[in-house]
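Inspection log for the structure reproduced underneath, given as C-alpha cells.
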Amino acid sequence: MDKLIKTKVQELVYSGSPVSGYFIKDIDLYNSNLFENEQVRRSVLIENCIIDKLDLTIMEFTEEVIIRDCSINLASFHGAYFYKGISIERCVFNEIFYFDCGGHNESSYTVRLIENKFRKYVDFFDAWFMGPVEIRNCQFIGGTNLLCDSQAFDVEPIIENNTGNLRLES
C-alpha cells in the first residue's frame, strides 16, 4: 500500500478524483488555495485506505461524501456539514469518533452508516440531522449518545440491527 501525503490528498479531492488504496497519516482539507471558506465543492470518495487521522472539522461539503472499506484510527467531523449526504460503509474506527455539533445534511440527502465497527465512543453531541438518517448493522463497542437527543432528527431515522449502547452519555 502506497503512502499518500496530506497535500496530495487535498489535490485529489480538489480535482474530484477518488482517494483509493493508500496509507494516509493525516487527512484534513484546510487549504485556502483549494477550498475557499472551508467548502469542498466536489464529490469525495475515500476507499480502501488506512488512515491515521481523518479531520473534517468545520468543513462544508456541497456534494456527496463516500467513505468505504477503510480503517481509521482517529476521526473528527465536529461541526461538519454534508449538504448532499455522507455514506460511511464497512469501515473500522479505532478511537473516539466525533460526529458532533452540526447540521449534518439537507432535507433530501441521507447520512448513512452501514456495517461499521466503532471500537470506542462515538460522540453525536448537539448533532442535527435535517434529512434522512440510516444506521444499519453497526457495532458501537464503546457506545454512543446517538439516541440521547430526540430533537436531533428532523426525519424519523432508520436504525436497525446495531449492537452496543446507543444511549450512552459521554
Spot the failing condition for PHE125; the list is (1) assigned to a strand (DSSP E or B); (2) more than 21 Å from LYS6 (Cα to Cα); (3) of a type outside the set (Val, Ile, Thr), and only one is missed. (1)
Flagged pairs (Cβ under 9 angstrom, 6 or more apart or on separate chains; first in the stretch 128-152, farther than 19 Å from TYR98 by Cβ; second of a type in the set (Val, Ile, Thr) and surrounded by 17 or more Cβ atoms within 10 Å (Cβ to Cβ)) are GLY131/THR110; GLY131/VAL111; PRO132/THR110; PRO132/VAL111; GLU134/THR110; GLU134/VAL111
What is the number of the single condition among (1) outside any loop (DSSP other than H, G, I, E, B); (2) more than 20 Å from PRO157 (Cβ to Cβ); (3) in contact (Cβ under 8 Å) with a residue 24 or more places away in the chain; (4) hydrophobic (A, V, I, L, M, F, W, C) that LEU113 does not meet? (2)
Exception for LEU146 within (1) at pLDDT 95 or above; (2) over 15 Å from the mean Cα position of the chain (by Cα) falls at (2)
Hey, among the residues in the stretch 134-170 that are β-branched (Val, Ile, Thr) and touching a Leu at 6+ places or on another chain (Cβ under 6 Å), which one's surrounded by the fewest Cβ atoms within 10 Å (Cβ to Cβ)? ILE135
Can you tell me which of (1) surrounded by 19 or more Cβ atoms within 10 Å (Cβ to Cβ); (2) in contact with a Gly (Cβ under 7 Å, 6 or more places away or on another chain); (3) aromatic (Phe, Trp, Tyr) is the one TRP128 doesn't meet? (1)
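The values are calculated or read from the model by the stated rules, or taken from the named source; none is laboratory data. Small disclaimer: the values here were computed from a predicted structure and weren't measured. No Cβ is skipped: glycine too gets one built from the backbone with ideal geometry, and neighbour counts run over all protein chains shown.
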